[in-house]
Amino acid sequence: MVVISCYFLSVSIIHAADESQDKSNNNEEKVLDEIIFDAPKVELRDRFNDFMPLPTTKFKVNSQDIANTNAVTIEDTVRYSPNIEVRRRYIGDNNSVVSMRGNGNFQTARHMVYVDGFPLHSMLQTRWNGAPQWNFVAPEETESVTITYGPFSPKYSGNAMGGVIDIETRQPYQEEWALKTTGWIHDWTHFENEDTSLGYKTFFSYGNKQDKLSYYMFFNRLEGFVQPSNLQEDTSTSSGSSGTAVTGAFRFMDTRSRDSIGFADDGEEKVEHNILKMKADYEFSDSFKVRGMVGFLIRRAEQLNVENYLRDSTGAKVWGGSSNTDMSIGGRTFQVKASNFNVTTRDKQDLMLGLGASGKLGAGWNYDAVLSSYIKLDDTLRSSDENPSDPNYDKSGSLTQFQDTGWQLLDVKFNKNNFMSNSNLKFEGGYHYDHARMETIKWSVPDWENDERDEGTFSSSIGGQTDTHAVHTNVGWNFRPKWDLQVGGRLEAWRSFNGYEHESEGEIGGHDHKNEQAFSPKLSIGYKPSSEWEYQFSLARATRFAIPEEMFSNIDDYDDNNVSNPGLKPEVGNHLTFVAGHYKPKATTKVNLFFDYINDTIFNDTSDNVSTFVNIDLVRTMGVELVLKRKDFLISKHDFSFNTAFTDAEILFHPGNPVAHGNDLPRVPDTRIKLQSVYHFFDHWDGMVALNWQDDAFGRVENDDPLDGSGGQSEYLFLDIKTNYRHKNFTLSSGITNLTDETAWTGPHQYPNRTFVTDLSWKY
């Protein structure tokens, strides 16, 4: 791979042999962007954030890139972007969490995602359930996705330690209609279970522009059956053959390197979601524009097909009892409970609201204000105590609900050229406020499918709130013709309050209110010796405060008992990056070096089936990224991109678990390599081949989990293909993801096997 990297770097040097004259001037803005080829005509919202380019590396995915990707859902669009991964277990996964640079995919609170300035990242939860709200964006409406790495802009909080994904959608410039249907199929094998799963998506949109008003709406329905996600196992195995002798179970090393017996999985799951979204822009005048968005999601997931592997001597299924029941196989004794085979349903109704205004204030000042709210109208998990096929099944179960849960956010930003009457100065500043509230309540109910909470018995509840006030400033100075400087900072005041835990036997107690303040300075210097070359060196401190789940979660999930930790300290990171970029009309080359020291890293640690969030005293991350993009590479009509990243994330000091000293930070692979080749056969016909390789990574701070099979993050090499054929208003696409049918794991979950995707779209 090093040879390949050197080869492509040499090609870029050949392309750069003839440097053009420097056409920059004192007022020229820096652009660290990817090449955009043949962009279609669209209406774009005002890009207030482009006023002062972020002092860090950026990577841009445009609409043509999206068209040449098997992008069924929006998270697919970043599939081939450098040093990033979205852990998606299946199409329609509600837990598609992000990993960037030296941050694992269970550190989701270190990644921020926006669509048209409105936040999509979760402000409540992290780990597997802290995925961004991807559902509220469709690939079909997306004009571009820009990824920035690291917390180098004062505009963003420490939640940008990993980076920011900024999705920009388009608005129509005339009346338009669109209809698209997508279908997929994939075979899968999950331990002792295998099957073929099908799914489809139907997308319909309408938009128009009438004078000063432009509006767009879409309806998206996705339905599919997906592979099992979890294995039921017992880790308390012992020598001997006591209890009921069974067949069908198997012995293996689990994700924590424990001698385990696997005896069931949660079976094929059915997922469906329906999304209705509307957005509009209105231009009252050149000085005052408003924009708004409303999104409504209905989602249902059913796990009703639990696969029980256990059989007795007659071939009948064995279910276990209300408490642990001894069973034996192959000279090993293990324990099974009837609840191991329970079935579940989950219903969600989410509402997302966004309102923005931008314009001019006079004297050269511009402003942009965004108010958004995310409300969980309903989030209900229903679980049975036994499997419906169990002879002892009596319909009893549990009901778990989120209530009064969601977040609100306000961002107001100002900027000005010719700051302090100096043509070489720019100013940007603003105010930020956010509030997050989480409350989870669990009841025991006689009828798990139909009973409401007032028909059950209270079991437990947890809750808590956080809010943050922040102000930020940034000054840009072109102090010499080819040099610029950015100096800024972010001052934050954070608090947690109203935290509590209740159980059926009474109140455990409330948590003390906490208040924290932090100042995060930023510094960047850029040098642009010519129109083709650019260099950027940036330093930043970032502070990330804990979110509600990290402090207040005390609800069991899977086989872990979650214990809250309201005493968590904020993460404080010191970040450094150096970016070198070379740009020509048909070629872009970038090299990024990064170095991070993070104190008090917030990490979820599990020991003896007890899970809690802890602070790791010191983590060091460093690495390098190489990004190449070429048009007409080697031959005409051939577009090519290549990126690779080498990352070393090490736990330097962790007194709470000294075994971790010197170990890798979990879920951060050492190497990522991505390649995408697109050939334009004709104006109406394209073909794509892509490769996505990622090294393995441990899942635990002890670095003792197996890396193959159901363990840490297994190594994978995915090969994807796609072709698009356009005829008048129709487009027919067909592709295969994971062409070689590679089996790979992310913790206890499998990545999708070979998946065939076909779609037909019509636009008018």
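The values are calculated or read from the model by the stated rules, or taken from the named source; none is laboratory data. Note that the structure is predicted; figures quoted are calculated from it, not measured. Backbone-built Cβ (ideal geometry, glycine too); neighbour counts: all protein chains shown.
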Legend entry - Qualifying residue in the range 135-144 (condition: in contact (Cβ under 8 Å) with a residue 12 or more places away in the chain, closer than 18 Å to Phe603 by Cβ and of a type in the set (S, T, N, Q)): no
Inset, instruction - Would you check which residues across the range 598-622 are under 24 Å from Ala580 (Cβ atoms) and either out of contact with any Gly (no Cβ under 7 Å at 6 or more places or on another chain) or among the aliphatic types (A, V, I, L, M) (or both) and list them? - result: Arg620, Met622
Inset, instruction - Find all pairs meeting these conditions: Cβ atoms under 6 angstrom apart; at least six residues apart or on different chains; first residue within the range 642-655 and under 21 Å from Glu85 (Cα atoms); second residue small (Gly, Ala, Ser) and part of a strand (DSSP E or B). - result: Phe646/Gly623; Thr647/Gly623
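Which of the residues that make up the range 204-217 are in a strand (DSSP E or B) and surrounded by fewer than 22 Cβ atoms within 10 Å (Cβ to Cβ)? Outline the logic, then answer.
Of all residues in the range 204-217, those in a strand (DSSP E or B) come to 204-210, 213-217.
Phe204, Ser205, Tyr206, Asn208, Lys209, Gln210, Leu213, Tyr215, Met217, listed by residue number.
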Inset, instruction - Please find, among Arg754, Arg672, the residue that is under 30 Å from Asp617 (Cβ atoms) and in contact (Cβ under 8 Å) with a residue 12 or more places away in the chain. - result: Arg672
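For the range 742-764, give me each residue that is part of a loop (DSSP other than H, G, I, E, B), closer than 28 Å to Phe203 by Cβ and not polar (S, T, N, Q). Let's see the steps before the verdict.
First, pick out the residues of the range 742-764 that are part of a loop (DSSP other than H, G, I, E, B): 742-744, 747-748, 751-754, 764.
This time we only want the ones that are closer than 28 Å to Phe203 by Cβ, so: 751-754, 764.
Answer for the range 742-764, where residues must be part of a loop (DSSP other than H, G, I, E, B), closer than 28 Å to Phe203 by Cβ and not polar (S, T, N, Q): Tyr751, Pro752, Arg754, Tyr764.
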Legend entry - Options Asp166, Asp187; residue that is of a type in the set (Asp, Glu), part of a strand (DSSP E or B) and under 29 Å from Tyr764 (Cα atoms): Asp166
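For the range 256-272, indicate whether the set of residues that are free of Cβ contacts under 8 Å to residues at least 24 places away in the same chain, more than 30 Å from Ser358 (Cβ to Cβ) and of a type in the set (Lys, Arg) is non-empty.
Narrowing the range 256-272 to residues free of Cβ contacts under 8 Å to residues at least 24 places away in the same chain: 258.
Narrowing further to those that are more than 30 Å from Ser358 (Cβ to Cβ): 258.
Remaining after also requiring of a type in the set (Lys, Arg): 258.
Yes, there is a match, as at least one residue in the range 256-272 is free of Cβ contacts under 8 Å to residues at least 24 places away in the same chain, more than 30 Å from Ser358 (Cβ to Cβ) and of a type in the set (Lys, Arg).
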Legend entry - Some residue of the range 325-342 being modelled with pLDDT of 90 or more, within 30 Å of Trp184 (Cα to Cα) and not in a strand (DSSP E or B): yes
Inset, instruction - Please find, among Asp379, Asp368, the residue that is assigned to a strand (DSSP E or B), surrounded by 15 or more Cβ atoms within 10 Å (Cβ to Cβ) and within 23 Å of the chain's Cα centre (by Cα). - result: Asp379
Legend entry - Test: residue in the range 443-451 that is in a loop (DSSP other than H, G, I, E, B), within 30 Å of Val343 (Cα to Cα) and free of Cβ contacts under 8 Å to residues at least 24 places away in the same chain: yes
Legend entry - Meets criteria (of a type outside the set (Ser, Thr, Tyr) and outside any strand (DSSP E or B)) for Arg299: no
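Taking the options Lys637, Lys629, name whichever one is under 30 Å from Gln676 (Cα atoms), touching a residue at least 12 places away in the same chain (Cβ under 8 Å), among the charged types (D, E, K, R) and surrounded by fewer than 17 Cβ atoms within 10 Å (Cβ to Cβ). Before you say what the answer is, go through the steps one by one.
On the way: Lys629 fails: surrounded by fewer than 17 Cβ atoms within 10 Å (Cβ to Cβ).
When all the criteria are applied, what remains is Lys637.
Suppose we keep only residues that are among the aliphatic types (A, V, I, L, M) and surrounded by 15 or more Cβ atoms within 10 Å (Cβ to Cβ) within the range 302-318. Which one would you say is farthest from Ala338 (Cα to Cα)?
Looking only at the range 302-318, we keep the residues that are among the aliphatic types (A, V, I, L, M), and these are 304, 306, 310, 316, 318.
Then drop every residue that is not surrounded by 15 or more Cβ atoms within 10 Å (Cβ to Cβ), which leaves 304, 306, 310, 318.
Details: Leu304: 15, Val306: 12, Leu310: 12, Val318: 9 Å.
Checking each candidate, the answer is Leu304.
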Inset, instruction - Starting from the range 509-531, take each residue that is on the phi < 0 side of the Ramachandran plot and outside any loop (DSSP other than H, G, I, E, B) and list its partners that are of a type in the set (Asp, Glu) and surrounded by fewer than 12 Cβ atoms within 10 Å (Cβ to Cβ), counting only C-beta distances under 6 angstrom and pairs at least six apart or across chains. - result: none
Legend entry - Residue within the range 715-737 that is in contact (Cβ under 8 Å) with a residue 12 or more places away in the chain, under 30 Å from Asp234 (Cβ atoms) and either surrounded by 21 or more Cβ atoms within 10 Å (Cβ to Cβ) or touching a Ser or Thr at 6+ places or on another chain (Cβ under 8 Å) (or both) present: no
Legend entry - Any chance Met278 is at pLDDT 95 or above, over 20 Å from Ile91 (Cα atoms) and either surrounded by fewer than 15 Cβ atoms within 10 Å (Cβ to Cβ) or out of contact with any Lys or Arg (no Cβ under 6 Å at 6 or more places or on another chain) (or both): yes
Inset, instruction - Check off (1) touching a residue at least 60 places away in the same chain (Cβ under 8 Å); (2) more than 20 Å from the chain's Cα centre (by Cα); (3) under 29 Å from Arg256 (Cβ atoms) for Gly662 and give me the number that stays unchecked. - result: (1)
Inset, instruction - Report yes if Pro658 is at pLDDT below 95 and either more than 23 Å from Gly747 (Cβ to Cβ) or loosely packed, with under 15 Cβ neighbours inside 10 Å (or both), otherwise no. - result: yes
Inset, instruction - Could you please find all residues in the range 82-125 being in contact (Cβ under 8 Å) with a residue 40 or more places away in the chain, among the small types (Gly, Ala, Ser) and touching a strand residue (DSSP E or B) at 6+ places or on another chain (Cβ under 7 Å)? - result: Gly92, Ser99, Gly102, Ala109, Gly117
Legend entry - Residue match in the range 420-433 (condition: part of a strand (DSSP E or B), surrounded by fewer than 16 Cβ atoms within 10 Å (Cβ to Cβ), modelled with pLDDT of 90 or more and not aromatic (Phe, Trp, Tyr)): no
Legend entry - the range 250-296 - residue that is under 30 Å from Asp705 (Cβ atoms) and in a loop (DSSP other than H, G, I, E, B) and, of those, farthest from the chain's Cα centre (by Cα): Arg258
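Looking only at the range 592-641, which residues are charged (D, E, K, R), over 30 Å from Phe682 (Cα atoms) and outside any strand (DSSP E or B)? Can you show your working first?
Restricting attention to the range 592-641, the residues satisfying the condition of being charged (D, E, K, R) are 596, 600, 605, 608, 617, 620, 625, 629-632, 637, 639.
If we keep only those that are over 30 Å from Phe682 (Cα atoms) too, we end up with 596, 600, 605, 608, 617, 620, 625.
Residue satisfying the conditions is Asp608 alone.
Taking the criterion of being within 20 Å of the chain's Cα centre (by Cα) and either part of a loop (DSSP other than H, G, I, E, B) or among the basic types (Lys, Arg) (or both), would at least one residue in the range 716-737 satisfy it?
Looking for residues that are within 20 Å of the chain's Cα centre (by Cα) and either part of a loop (DSSP other than H, G, I, E, B) or among the basic types (Lys, Arg) (or both), one finds none in the range 716-737, hence no.
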Inset, instruction - Kindly indicate whether any position in the range 228-237 is assigned to a strand (DSSP E or B), out of contact with any helix residue (DSSP H, G or I) (no Cβ under 9 Å at 6 or more places or on another chain) and small (Gly, Ala, Ser). - result: no
Inset, instruction - Confirm whether Lys584 is out of contact with any strand residue (DSSP E or B) (no Cβ under 8 Å at 6 or more places or on another chain), in contact (Cβ under 8 Å) with a residue 40 or more places away in the chain and either within 30 Å of Pro529 (Cβ to Cβ) or surrounded by fewer than 20 Cβ atoms within 10 Å (Cβ to Cβ) (or both). - result: yes
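Given the criteria of a type in the set (Gly, Ala, Ser), touching a residue at least 40 places away in the same chain (Cβ under 8 Å) and either surrounded by fewer than 19 Cβ atoms within 10 Å (Cβ to Cβ) or more than 25 Å from Ser260 (Cα to Cα) (or both), does Ala690 qualify? Show your work before the answer.
Values: of a type in the set (Gly, Ala, Ser): yes; touching a residue at least 40 places away in the same chain (Cβ under 8 Å): yes; either surrounded by fewer than 19 Cβ atoms within 10 Å (Cβ to Cβ) or more than 25 Å from Ser260 (Cα to Cα) (or both): yes.
So Ala690 passes the test.
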